[in-house]
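Undergrad: Structure in structure tokens, see below.
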Amino acid sequence: MVYYTLLSMDKKIVLANWKSHKTVQETIAFLKALHDNLSTIDLSNKFILICPTYISLASAAAYIQQNNLPLSLCAQDISAFGEGAYTGEVAGRFIKEFATHVLIGHSERLKYNHETVDDIQGKIVQAKEANLTPILCIQNENSFIGDVPIIAYEPPTAISTFGVGKAETSSDVESVFTTLKQKTQASLLYGGSVDADNVSSYMSSPVINGLLVGGASLDPQTFIALLSKW
Ligand code: PGA
């Protein structure tokens with residue numbers, strides 16, 4: 001069974017991870033600004049995923065559909081359980097109504113929600129059952145990698161909101177990816193302090209299949225500037 005959307009080989013993923021930012025209204029305002037500037041962006045080489053809070057997914061999906069925008073949606077998390085008596089959880093079937101992808105195991109969830117490898121494994125199973133593409137975040141080359149089609153390597157020291165936030169160079173990332181490629185056939189993304197100034201150094205690398213962008217994806221003009229760089 002094909003349980004996830006396959007990535008076209010000639011496109012690189014750009015995932016805007018908004019974390020706990022933006023109301024529904026702010027989400028739509030961002031999408032409108034992006035829509036107004038789409039002609040300035042080369043879309044032939046990009047697969048753009050927007051990753052808002054759960055609360056904004058439905059409105060974002062409606063706006064994208066009504067305006068026929070070349071954007072897909074990703075959830076920031078998924079329940080490790082199925083549908084049922086799990087207060088506060090959001091099961092894969094509900095996410096699937098609006099999104100195609102889901103982030104699993106982001107280091108902020110490990111840090112603040114104490115997620116374990118068992119939790120992560122449960123979430124991967126649930127994503128696959130719901131026909132969502134899991135994007136598994138890992139912190140280093142020894143992290144659990146599971147059986148997923150997309151892995152996002154995000155060393156915590158590189159994430160802008162974790163203090164120092166020092167981006168890894170594309171050659172550092174390439175050397176980690178060389179090791180990872182011996183263990184997995186997943187598409188490999190990098191995340192950590194990516195911005196308009198450094199984005200092209202990653203995108204010119206043949207082994208980097210895409211990027212997770214946090215801070216630099218929040219302001220539409222900053223994000224558009226980043227998307228216009230390659
Ligand atoms: P950053 O966040 O781009 O702000 O470093 C990336 C992420 O945590 O996904």
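What follows is calculated from the coordinates using simple rules that are stated; it is not laboratory data. Given the structure is predicted, the values throughout are model-derived calculations rather than measurements. Quick reminder, even Gly has a Cβ in these numbers, built from the backbone with ideal geometry, and neighbours come from all protein chains shown.
Undergrad: May I ask you to order 98-107, 180-189 by the average number of other C-beta atoms within 10 Å around their residues, highest value first?
TA: Descending mean neighbour count gives 98-107, 180-189.
Undergrad: Could you give the alpha-carbon Rg of the stretch 51-191 over 2.2 N^0.38 Å, rounded to two decimals?
TA: For the stretch 51-191, the normalised Cα radius of gyration comes out at 1.08.
Undergrad: If you don't mind, there's one more thing I want to ask. If a cysteine in the chain has no other Cys Cβ under 4.7 Å from its own Cβ, put it on the list, ordered by number.
TA: Result for the chain is C137, no neighbouring Cys Cβ within the cutoff.
Undergrad: How far apart, in nanometres, would the label points at K111 and V207 be if each is projected 7 angstrom from Cα along the Cα-to-Cβ direction?
TA: About 2.7 nm, to one decimal.
Undergrad: Further question on the same structure: Please rank Y86, Y63, fewest neighbouring Cβ atoms within 10 Å first, as an exposure proxy.
TA: Y86, Y63
Undergrad: Still on this model: Please report, in debye to the nearest 20, how large the charge dipole of the chain is about its Cα centre when each Lys and Arg carries +1 at its beta carbon and each Asp and Glu carries -1 there.
TA: Computed charge dipole of the chain: roughly 260 debye.
Undergrad: Can I ask one more? Which Cα, out of T87, V117, Q66, lies furthest along the positive dipole direction of the stretch 52-134 (beta carbon charges, K/R +1, D/E -1)?
TA: Farthest along the dipole direction, towards plus: Q66.
Undergrad: Suppose every K and R has +1 on its Cβ and every D and E has -1 on its Cβ; what is the size of the dipole of the stretch 101-230 about the Cα centre, in Debye to the nearest 20?
TA: Dipole size: approximately 140 debye.
Undergrad: Can you compute the FRET efficiency between Q65 and D118 using 1/(1 + (r/R0)^6), with r the Cβ-Cβ distance and R0 = 35 Å? Round to the nearest 0.05.
TA: 0.45
Undergrad: Same structure, new question: Among F223, F94, what is the fewest-to-most ranking by other Cβ atoms within 10 Å?
TA: The fewest-first ordering by Cβ neighbours comes to F94, F223.
Undergrad: Which pairs in the list K19/K229; K12/K229; K12/K181; K11/K128; K11/K96; K19/K111 are over 19 Å apart, alpha-carbon to alpha-carbon?
TA: K19/K229; K11/K128; K11/K96
Undergrad: Now a separate question. Let me have the relative contact order for the chain, percent, based on Cα pairs under 8 Å that are six or more residues apart.
TA: RCO, the chain: 21 percent.
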